[in-house]
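Only the coordinates and a few stated rules stand behind these numbers; no lab work does. All values reported here derive from a predicted model rather than from experimental measurement. Here the Cβ positions follow ideal geometry from the backbone for every residue, glycine too, while neighbour counts run over all protein chains shown.
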Amino acid sequence: MTQNLSLSTINDLFSRVAAASNPRAILWQDEFGLWQPISSDQIYQRVRALAQAFLSWGAQKGDRIALIAENRWEWAITDFAALAIGAVDVPIYPTLTGEQIAALVADAGCRIAVVSTRQQFDKLNAVRSLTQLRRILIMDSPAPEGATAFRDVLAGADERGTERDPVFDALAHSVEPKDLATLIYTSGTTGEPKGVTLTHHNIASNQNIAAVDFDFNPTDALISFLPLSHVTARALDYVMFSYGVQVAYCSKFDKLPEAMREVRPTVFVGVPRVFEKIRQEVERRAGLSPIKKRMLAWALRVGARHRDTVYDGLRPSSQRWKLASKLAYSKVREAFGGRVRIFVCGGAPLGIDTAQWFASVGIALWEGYGLTETSPVIALNTPISHRMGAAGLPLANVELKLASDGELLVRGPSVFAGYWQKPSATAESFDQEGWFRTGDIGHMDQDGFLYITDRKKELLKTSGGKLVAPQPIENKLKNSILVAQAALVGDRHKFISVLVSPNFAALEQWASHHGVDAKDRAELVADSRVIALYAEIVREVNGTLANFESLKRFRVVADEWTQDSGELTPSMKLKRRVITARYADLIGALYADEATARGE
């Protein structure tokens, strides 16, 4: 069992990294695609050099520094350097527009920004007059006019070897637990982004206990690919650094399969959509061959009888299971690089069907739950304590209770103090006894395991007064290989409907096998045979639902919902307001005859 870390600040964590004498603490890909190592000593010297640059530019304790970059080694160096001088870093998603970035930079009052590429610089520089920025540091070289190159700031840093700077070390150690560490703007699935203020103590208290039941160690390796601007990915990397796990940075999601083959990680953490896509791709490829399709179906039936054993961390002794593992399960594991021993899922609720499917192919997914406002972990399944379908047991240093309407309330050292410059929003987020309102609907079983069913604000209320939780139903639909995303609609209407964004790779494969010839995606989803295909998927899901929950109507849209196109957050959650606004006419057509249509 892993021991508590006893961190007081994130700077304590940095000190552990610097003292680790690890020649391969970080891996990154050079311009030729080759993986290059960065040692513990190099991390220290680069952080020290950047921290000194920040100070020379007038940065002081409490100042905010914007960080706009993909996952790369410079992200970690910038983070540690800002925190080392007592500054507050403000991570911002690089997928945002220049205007969106400017609004956050201005709201936070940042005078220094660190960006990754020329593209990010151009976006920010174009709206620079809307901010208080005095300096922009760019990770790529050469630096354009108006920016400073990372390379120039770090020149000669690596040559200092094992040398330590007592003045810099003292400054880092002078930062106190109560000091603000980071300002993280929530991605805003239902409203405008709010700046979550997290102190060193908030994050350190979560770090100290979140991983106690995992035996992470220096022989492990992890690929950091989830956006570091999201608290889950950042907290995960902190855990990995704390235990000496090698962190390999993958800057683009489409590079992940190659990275998994080359790095062969032993720890893999993803959001539910990552696992759903892997499942769908396995099933799609199997569908190309009748023999492979039958083999996968057989292997899943065998695995289903042993999934509880797998979820308990044991290897089934059945000969049939071992044969299925050799023929089928091993291929799934190979998609992750073939060495992963710990799989963790977070960022959004994982559907029970997805958890069962992976357990049926020999993979236990440890699901966790948390929020940006809770630094982030509230509950977690672990190899020691777990229950499939649950979000896990609450961490030992947090308290939970349920409000009368089922909303989960939480209290503890990892809970933030409030939103940046939004006193009214802060007041609304806490009850009179200081419990934080998570906005999530949940329940706890007799053994204390937490279950999250949906977001309170996302519950749909029919005109008949029935409440419908959309996420569990959407997850059921996404169990089909043909469904990439689904969004329930129907708030304040007589009945519930659904918009479906197809898995176009699978749909186009099906269409070619069934003689459906369409000139584009709009024509494809309008074909009567395609509509009938999705009608059957909806019908099967309806068979598992109460009447008031059932989907009375559906539409298949011709669009793939992505983060870049704006329908998904960086953690792959639906932006419901965006979807309902974008498809307002289509939704209106679904309910055009509502007055005379049959309701619940």
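Brief remarks follow.
- Annotation: lysines with alpha-carbon distance below 24 angstrom to residue 494 (same-chain offsets under eight excluded): 456, 457, 461, 466, 476, 552, 575.
- Helix 272-286 axis, angle to the chain major axis (alpha carbon atoms, nearest 10°): 50 degrees
- Cβ-derived FRET efficiency at R0 51 Å, residue 170 paired with residue 585, nearest 0.05: 0.25
- Those aspartates and glutamates that a straight Cα-Cα span of less than 20 Å connects to residue 322, excepting residues fewer than 8 apart in one chain: 308, 312, 334
- For region 459-590, the share of DSSP beta bridges that are antiparallel, to the nearest 5, is 65%.
- Likely footprinting exposure, 534, 591, fewest C-beta neighbours within 10 Å first: 591, 534
- Taking each of 194/255; 178/401; 293/326 in turn, the alpha-carbon distance tops 20 angstrom for 194/255; 178/401.
- Under 14 Å, Cβ to Cβ, from residue 326 - net charge with Lys/Arg +1 and Asp/Glu -1: +4
- Measure of compaction for the chain (Cα Rg per 2.2 N^0.38 Å): 0.98
- Using a cutoff of 8 angstrom between alpha carbon atoms and counting only pairs six or more residues apart, the relative contact order for the chain works out to 11 percent.
- With a Förster radius of 30 Å applied to the beta-carbon distance between residue 129 and residue 155, the computed FRET efficiency rounds to 0.45.
- Region 475-503 and region 378-406: distance between their alpha carbon centers, rounded to Å: 28 Å
- Cα gyration tensor shape for region 459-590, rounded if a/c is under 1.5, else prolate or oblate: prolate
- C-alpha long axis of helix 290-304 to longest principal axis of the chain, angle in °: 70 degrees
- Total formal charge among the other residues, if their Cβ is under 10 angstrom from that of residue 116, Lys/Arg +1 and Asp/Glu -1: -1
- Fewest-first sequence of 318, 224, 242 by Cβ atoms within 10 Å of each Cβ: 318, 242, 224
- Over the chain, DSSP H runs of length four or greater, each weighted -39,500 (n - 2.57), average out per residue to a 222 nm ellipticity of -10500 deg cm²/dmol.
- Label point distance in nm, residue 453-residue 560, each placed 7 Å from Cα along Cα→Cβ: 3.5 nm
- Its Kirkwood hydrodynamic radius, worked out from the mean inverse distance over all distinct Cα pairs, puts region 270-456 at 18.2 Å.
- Hull volume in cubic angstrom per residue (convex hull over the Cα atoms of region 75-207): 130 Å³
- Of all DSSP beta bridges in region 270-456, antiparallel share, percent nearest 5: 85 percent
- Going from the residue with the fewest nearby Cβ atoms within 10 Å to the one with the most, 35, 73 rank 35, 73.
- Measuring nothing but how far apart in sequence close Cα pairs (under 8 Å, 6+ apart) lie, relative to its length, region 270-456 scores a relative contact order of 16 percent.
- With a Förster radius of 51 Å applied to the C-beta separation of residue 427 and residue 518, the computed FRET efficiency comes to 0.45.
- Note on residue 334 and residue 99: the model spin-label points, each 7 Å out from Cα along the C-beta direction, lie 4.9 nm apart.
- The long axis of helix 528-542 is offset from the longest Cα principal axis of the chain by roughly 80 degrees.
- DSSP beta bridges in region 1-159 [antiparallel fraction, %, rounded to 5]: 20 percent
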